[in-house]
Amino acid sequence: MTDYFVIFGNFLSSLPTYLLNGILATVYWLGDSSAAIVSILCAGLIIRFVDKRVQSRAAFRPGRNGREAATPELYTAQITTAFVLVLWVISQWGMGAPVPWLGAAMWITGTILLLLVHMQEHTLLWNVKSGIVIYSLAVIGSRLYLAYTAQLTTDQWAALIGSSENAATVIANTRGNVTSIILWALWLVIPLGYFAMLLQQVLINPMSLVNPLAGATELINRYRTRR
(Lines give C-alpha, C1' and ligand atoms only; values in the text may rest on other atoms or scores of the structure.)
Protein backbone atom coordinates (compact mmCIF):
# COMPACT_ATOMS: atom_id res chain seq x y z
CA MET A 1 0.00 0.00 0.00
CA THR A 2 2.89 2.32 0.79
CA ASP A 3 4.28 1.82 -2.73
CA TYR A 4 1.05 3.15 -4.23
CA PHE A 5 1.25 6.27 -2.08
CA VAL A 6 4.85 6.79 -3.14
CA ILE A 7 3.99 6.36 -6.83
CA PHE A 8 1.01 8.71 -6.50
CA GLY A 9 3.15 11.25 -4.62
CA ASN A 10 5.81 11.10 -7.31
CA PHE A 11 3.14 11.59 -9.96
CA LEU A 12 1.75 14.66 -8.19
CA SER A 13 5.20 16.13 -7.74
CA SER A 14 5.99 15.56 -11.42
CA LEU A 15 2.61 16.81 -12.66
CA PRO A 16 3.64 20.51 -12.88
CA THR A 17 6.66 19.50 -14.95
CA TYR A 18 4.47 17.48 -17.31
CA LEU A 19 2.02 20.36 -17.65
CA LEU A 20 4.80 22.86 -18.28
CA ASN A 21 6.39 20.62 -20.90
CA GLY A 22 3.02 20.19 -22.57
CA ILE A 23 2.45 23.95 -22.64
CA LEU A 24 5.93 24.56 -24.03
CA ALA A 25 5.47 21.88 -26.68
CA THR A 26 2.17 23.48 -27.70
CA VAL A 27 3.74 26.93 -27.86
CA TYR A 28 6.64 25.63 -29.96
CA TRP A 29 4.23 23.83 -32.30
CA LEU A 30 2.10 26.94 -32.68
CA GLY A 31 5.24 28.96 -33.39
CA ASP A 32 6.40 26.53 -36.05
CA SER A 33 2.93 26.30 -37.58
CA SER A 34 1.92 29.94 -37.17
CA ALA A 35 2.36 30.77 -40.87
CA ALA A 36 0.12 27.85 -41.85
CA ILE A 37 -2.43 28.83 -39.20
CA VAL A 38 -2.53 32.41 -40.52
CA SER A 39 -3.03 31.06 -44.05
CA ILE A 40 -5.87 28.81 -42.86
CA LEU A 41 -7.59 31.74 -41.12
CA CYS A 42 -7.30 33.87 -44.26
CA ALA A 43 -8.71 31.06 -46.40
CA GLY A 44 -11.60 30.73 -43.95
CA LEU A 45 -12.39 34.43 -44.29
CA ILE A 46 -12.31 34.18 -48.08
CA ILE A 47 -14.61 31.15 -48.07
CA ARG A 48 -17.03 32.72 -45.60
CA PHE A 49 -17.33 36.23 -46.99
CA VAL A 50 -15.92 36.41 -50.52
CA ASP A 51 -16.47 33.01 -52.13
CA LYS A 52 -20.03 32.87 -50.91
CA ARG A 53 -20.82 36.28 -52.37
CA VAL A 54 -19.08 35.64 -55.70
CA GLN A 55 -20.63 32.18 -56.03
CA SER A 56 -24.09 33.55 -55.30
CA ARG A 57 -23.64 36.28 -57.90
CA ALA A 58 -22.38 33.82 -60.50
CA ALA A 59 -25.30 31.42 -59.91
CA PHE A 60 -27.96 34.16 -59.94
CA ARG A 61 -30.55 33.80 -62.69
CA PRO A 62 -33.30 36.42 -63.05
CA GLY A 63 -36.79 35.06 -63.41
CA ARG A 64 -40.00 36.52 -64.70
CA ASN A 65 -41.55 39.62 -63.13
CA GLY A 66 -38.32 40.43 -61.34
CA ARG A 67 -38.33 37.23 -59.34
CA GLU A 68 -35.17 35.23 -58.86
CA ALA A 69 -35.16 31.89 -60.65
CA ALA A 70 -34.41 28.80 -58.61
CA THR A 71 -30.75 27.83 -58.94
CA PRO A 72 -28.89 24.81 -57.54
CA GLU A 73 -26.53 25.29 -54.62
CA LEU A 74 -22.99 25.40 -55.99
CA TYR A 75 -19.77 25.58 -54.02
CA THR A 76 -17.21 25.84 -56.80
CA ALA A 77 -15.55 28.95 -55.38
CA GLN A 78 -15.34 27.52 -51.88
CA ILE A 79 -13.93 24.20 -53.11
CA THR A 80 -11.33 26.04 -55.18
CA THR A 81 -10.16 28.01 -52.15
CA ALA A 82 -9.96 24.83 -50.07
CA PHE A 83 -7.88 23.16 -52.79
CA VAL A 84 -5.50 26.14 -52.98
CA LEU A 85 -5.14 26.12 -49.19
CA VAL A 86 -4.35 22.38 -49.05
CA LEU A 87 -1.80 22.76 -51.84
CA TRP A 88 -0.11 25.65 -50.06
CA VAL A 89 -0.04 23.95 -46.63
CA ILE A 90 1.50 20.82 -48.16
CA SER A 91 4.09 22.78 -50.15
CA GLN A 92 5.30 24.90 -47.22
CA TRP A 93 5.23 22.19 -44.57
CA GLY A 94 8.70 21.80 -43.10
CA MET A 95 10.06 24.60 -45.30
CA GLY A 96 12.44 27.03 -43.63
CA ALA A 97 11.85 30.75 -43.30
CA PRO A 98 11.02 33.03 -44.99
CA VAL A 99 9.00 30.98 -47.51
CA PRO A 100 6.09 30.06 -45.18
CA TRP A 101 5.73 33.67 -44.03
CA LEU A 102 6.00 35.02 -47.57
CA GLY A 103 3.10 32.76 -48.50
CA ALA A 104 1.20 33.86 -45.41
CA ALA A 105 1.79 37.49 -46.43
CA MET A 106 0.34 36.65 -49.85
CA TRP A 107 -2.75 35.19 -48.19
CA ILE A 108 -3.11 38.19 -45.85
CA THR A 109 -2.74 40.74 -48.66
CA GLY A 110 -5.17 38.91 -50.91
CA THR A 111 -7.73 38.53 -48.13
CA ILE A 112 -7.58 42.21 -47.14
CA LEU A 113 -7.99 43.37 -50.74
CA LEU A 114 -10.87 40.97 -51.36
CA LEU A 115 -12.68 42.17 -48.23
CA LEU A 116 -12.18 45.86 -49.05
CA VAL A 117 -12.21 46.09 -52.85
CA HIS A 118 -15.36 45.01 -54.66
CA MET A 119 -14.47 46.21 -58.16
CA GLN A 120 -13.91 43.26 -60.50
CA GLU A 121 -14.16 41.01 -57.49
CA HIS A 122 -14.32 37.78 -59.47
CA THR A 123 -11.12 38.57 -61.37
CA LEU A 124 -9.33 39.70 -58.22
CA LEU A 125 -10.38 36.52 -56.43
CA TRP A 126 -9.07 34.40 -59.29
CA ASN A 127 -5.75 36.30 -59.33
CA VAL A 128 -5.29 35.77 -55.59
CA LYS A 129 -5.88 32.04 -55.87
CA SER A 130 -3.84 31.53 -59.05
CA GLY A 131 -0.92 33.52 -57.61
CA ILE A 132 -0.80 31.33 -54.51
CA VAL A 133 -1.06 28.19 -56.65
CA ILE A 134 1.90 29.33 -58.77
CA TYR A 135 3.95 30.01 -55.64
CA SER A 136 2.99 26.64 -54.14
CA LEU A 137 4.00 24.79 -57.30
CA ALA A 138 7.30 26.70 -57.40
CA VAL A 139 8.03 25.68 -53.80
CA ILE A 140 7.18 22.04 -54.51
CA GLY A 141 9.27 22.02 -57.70
CA SER A 142 12.29 23.54 -55.95
CA ARG A 143 12.09 21.02 -53.11
CA LEU A 144 11.84 18.11 -55.54
CA TYR A 145 14.84 19.38 -57.51
CA LEU A 146 17.02 19.90 -54.45
CA ALA A 147 16.03 16.53 -53.00
CA TYR A 148 16.77 14.76 -56.29
CA THR A 149 20.13 16.38 -56.91
CA ALA A 150 21.20 15.78 -53.31
CA GLN A 151 20.86 12.03 -53.88
CA LEU A 152 23.05 11.95 -57.00
CA THR A 153 26.57 10.65 -56.43
CA THR A 154 29.69 11.82 -58.24
CA ASP A 155 29.57 8.77 -60.50
CA GLN A 156 25.95 9.48 -61.44
CA TRP A 157 26.81 13.08 -62.24
CA ALA A 158 29.74 11.85 -64.30
CA ALA A 159 27.36 9.62 -66.25
CA LEU A 160 25.20 12.63 -67.01
CA ILE A 161 28.13 14.87 -67.91
CA GLY A 162 30.25 12.28 -69.68
CA SER A 163 33.45 12.89 -67.69
CA SER A 164 34.38 11.94 -64.16
CA GLU A 165 37.23 14.45 -63.93
CA ASN A 166 35.08 17.57 -63.60
CA ALA A 167 32.09 15.94 -61.91
CA ALA A 168 32.76 17.41 -58.44
CA THR A 169 33.27 20.92 -59.82
CA VAL A 170 30.11 20.69 -61.92
CA ILE A 171 28.13 19.46 -58.95
CA ALA A 172 29.21 22.40 -56.80
CA ASN A 173 28.68 25.00 -59.52
CA THR A 174 25.36 23.60 -60.76
CA ARG A 175 23.76 23.19 -57.36
CA GLY A 176 25.07 26.56 -56.21
CA ASN A 177 23.84 28.44 -59.26
CA VAL A 178 20.45 26.73 -59.44
CA THR A 179 19.94 27.10 -55.69
CA SER A 180 20.66 30.83 -55.96
CA ILE A 181 18.11 31.14 -58.77
CA ILE A 182 15.54 29.20 -56.74
CA LEU A 183 16.09 31.39 -53.68
CA TRP A 184 15.75 34.57 -55.73
CA ALA A 185 12.54 33.25 -57.27
CA LEU A 186 10.98 32.09 -54.00
CA TRP A 187 12.13 34.99 -51.83
CA LEU A 188 11.73 37.88 -54.23
CA VAL A 189 10.60 37.39 -57.84
CA ILE A 190 7.35 35.43 -57.41
CA PRO A 191 6.09 37.27 -54.28
CA LEU A 192 6.83 40.68 -55.82
CA GLY A 193 5.14 39.62 -59.03
CA TYR A 194 2.09 38.53 -57.03
CA PHE A 195 1.86 41.79 -55.10
CA ALA A 196 2.39 43.81 -58.29
CA MET A 197 -0.38 41.85 -60.03
CA LEU A 198 -2.83 42.53 -57.20
CA LEU A 199 -1.90 46.22 -57.09
CA GLN A 200 -2.39 46.53 -60.84
CA GLN A 201 -5.77 44.79 -60.55
CA VAL A 202 -6.89 47.13 -57.77
CA LEU A 203 -5.81 50.26 -59.65
CA ILE A 204 -7.08 49.20 -63.08
CA ASN A 205 -10.35 51.11 -62.62
CA PRO A 206 -10.77 54.65 -61.26
CA MET A 207 -12.09 54.92 -57.73
CA SER A 208 -15.63 56.08 -57.18
CA LEU A 209 -15.62 59.55 -55.62
CA VAL A 210 -19.01 58.92 -54.03
CA ASN A 211 -18.39 55.51 -52.52
CA PRO A 212 -14.73 54.36 -52.82
CA LEU A 213 -15.50 50.84 -51.57
CA ALA A 214 -18.51 50.28 -53.81
CA GLY A 215 -18.51 47.44 -56.31
CA ALA A 216 -19.51 47.59 -59.95
CA THR A 217 -23.00 46.25 -59.21
CA GLU A 218 -23.59 48.89 -56.54
CA LEU A 219 -22.45 51.68 -58.85
CA ILE A 220 -24.67 50.46 -61.71
CA ASN A 221 -27.69 50.26 -59.41
CA ARG A 222 -26.93 53.75 -58.14
CA TYR A 223 -26.77 55.17 -61.66
CA ARG A 224 -29.97 53.42 -62.70
CA THR A 225 -31.98 54.68 -59.74
CA ARG A 226 -30.53 58.21 -59.70
CA ARG A 227 -32.95 60.98 -60.54
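The values are calculated or read from the model by the stated rules, or taken from the named source; none is laboratory data. Nothing here was measured: the structure is a model prediction, and the numbers come from that model. So basically every Cβ, Gly included, is an ideal-geometry build from the backbone, and we count neighbours across all protein chains shown.
Being assigned to a helix (DSSP H, G or I) and modelled with pLDDT under 95 narrows it down to one of Leu87, Leu15, so name that one. Working first, answer last.
Details: Leu87 fails: modelled with pLDDT under 95.
None of the other options fit; the residue is Leu15.
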Problem - Trp126 hydrophobic (A, V, I, L, M, F, W, C) and surrounded by 18 or more Cβ atoms within 10 Å (Cβ to Cβ) - result: no
